[in-house]
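What follows is one structure encoded as structure tokens, with my remarks underneath.
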Amino acid sequence: MKRWFYVIFLMVIILSIATACGDASPGETTESGEVSQDQSSPTTEAAEETILPPPVITEEEGNLEGQPPASEEETAQPVDEEVQSEPVAAAEEEVTEGAAQPMAPWSADDFGYGVQVHGNATVGDPADTMRTAKEGLGVDWVKMQIQWWLVHPDPDVDQWFFYDGVVDQAHENGLRLMVSVVGAPAWTRSDGTENGPPDDYGQYTAFLTEMLERYDGKIDAIEVWNEQNLDREWATANGVNPEDYVQFLQVANEAIKAHDPNIIVISGALAPTGGGDWVSWIDDFQWLDRALAAGLLDYADCVGTHHNGYNIGPDVTYEEAPSDPQGATAVFRGPFDNPHHSWSFKSTLDTYAEKVQAIDPNKKLCVTEFGWASSEGYDTYPTGFEFAQDNTLQEQADFITQAFQQMHDSGNVWLAYLFNFDFGNKGSGPEDDPVPYSIIDTQGIPRPAFEALANMEKPR
């Protein structure tokens, strides 16, 4: 299968040259609905006929964003050297040729409609992806994740080609780009793992500076880390410590603003969860309280927020969930039998806004990941995502559009990014966590949510 991927990759290069000549989880839950120690949210074409979905990619042909390659050899040389040498050199020349002209700063009064895209430029066609996001879905913003360890698996290895095409095509298509920068390489951490920040925060800021210089004028917002109230993302000697994160955010903010003060800095979104021991995980409300007290708002333009809506609608509070009609037929019983704030999109966002605006009435949320999973049409679902069975495709579409409208009308949200557009046909199948959230299916065919988002009015 990999040989076919190399052939396809080469064909794309040849076509690109020809064109130029002619004119880019919830945590484990139980069927009983107990609040687990990790309920994190998982790391979207009724368009014109000329806008086609990305090609079908299998797990063997390309790694899903956020998951490490199968071996160090694949990391260092993801494509055949003969195929790789020319496009990488061309990409290097294009990036360094001259800085892109940045767009005007995004107004603090405008609501931003966004969607997360698969950010690996070696999988699918970034040009088609970005053109479809802009022309088909009608969004202004896209989000992608940049894995530091993938760019620099070793201090002497440089693999920006994984992301060059996605960043460039977002800019070429007039889209605002938000990047979530995560995944410290093992060589930056004394414990030799990749599930936490570097021992020296200065190494992270150096990476941010390197990225911003490479993509000068093409990045509009940066989310600093991800779900740092879980040890799978923030494993340190001090546990999931909010005060440590605020220091991390401070130095990141300084580096970003030194390069361009107009880039929006977003604090890393938390995983909605309950309980916790402050070592392996902690309730997101408790974590946020301590981080706010430590000065988080001094170093963020908006507060990152995650919520993936399980099997209740976006307007249902956790207190209302037990009497919600959805519970009558639900397979997954969590929101109905074990009420907790982490189940509810509305309770989570409303409480975050209340806590933040008690300190700064003008500060808003940036919802960097939200969505509803549906396994309708598939014969399986990801382990731990039993709630995906309870959402029909039509409910997925309805919940998504309702959530966008709800966030806009609340006045508490600045930017919102749907999870996700195009992971559906870029994983190994419906058992992959992001696939049931995608608004295209495993064959690249738009689901009802695609058309609903495309046709939704998008007032700023």
Distance between the stretch 416-460 and the stretch 283-309 - C-alpha centres, whole angstrom: 27 Å
VAL279-VAL251 FRET efficiency (beta carbon distance; Förster radius 25 Å; 0.05 resolution): 0.55
Those lysines that a straight Cα-Cα span of less than 26 Å connects to LYS426, excepting residues fewer than 8 apart in one chain: LYS2, LYS134, LYS143, LYS218
Residue exposure sequence - TYR163, TYR378, TYR201, TYR215 - by fewest surrounding Cβ within 10 Å: TYR378, TYR201, TYR215, TYR163
For MET211, MET178, order by how many other beta-carbon atoms lie within 10 Å, fewest first: MET211, MET178
Nitroxide proxy distance, nm - points 7 Å out along Cα→Cβ at ASN238 and ASP156: 3.4 nm
Cβ-based net charge around PRO322, under 12 Å, with every Lys or Arg adding one and every Asp or Glu removing one: -3
Pair ASP360, ASP337: separation of 7 Å Cα→Cβ label points (nm): 4.3 nm
Gain in span if fully extended, ASP379 to GLU213, counting 0.36 nm per residue against the direct Cα distance: 55.2 nm
Computed over the stretch 357-449: relative contact order in percent, which uses C-alpha pairs under 8 Å that are six or more apart: 33 percent
Peptides ranked, highest mean first, by Cβ atoms within 10 Å: ranges 139-151, 285-297: 139-151, 285-297
Directionally averaged shadow of the stretch 365-460, computed from the convex hull of its alpha-carbon atoms, nm²: 6.0 nm²
Length added when fully stretched, ASP110-SER428, from 0.36 nm per residue minus Cα-Cα: 110.7 nm
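Laboratory data are not the source of any read-out in this text; all were calculated from the coordinates shown. Because the structure is a prediction, the values reported are computed rather than measured. Glycine also receives a Cβ, built like all others from the backbone with ideal geometry; neighbour counts cover every protein chain displayed.
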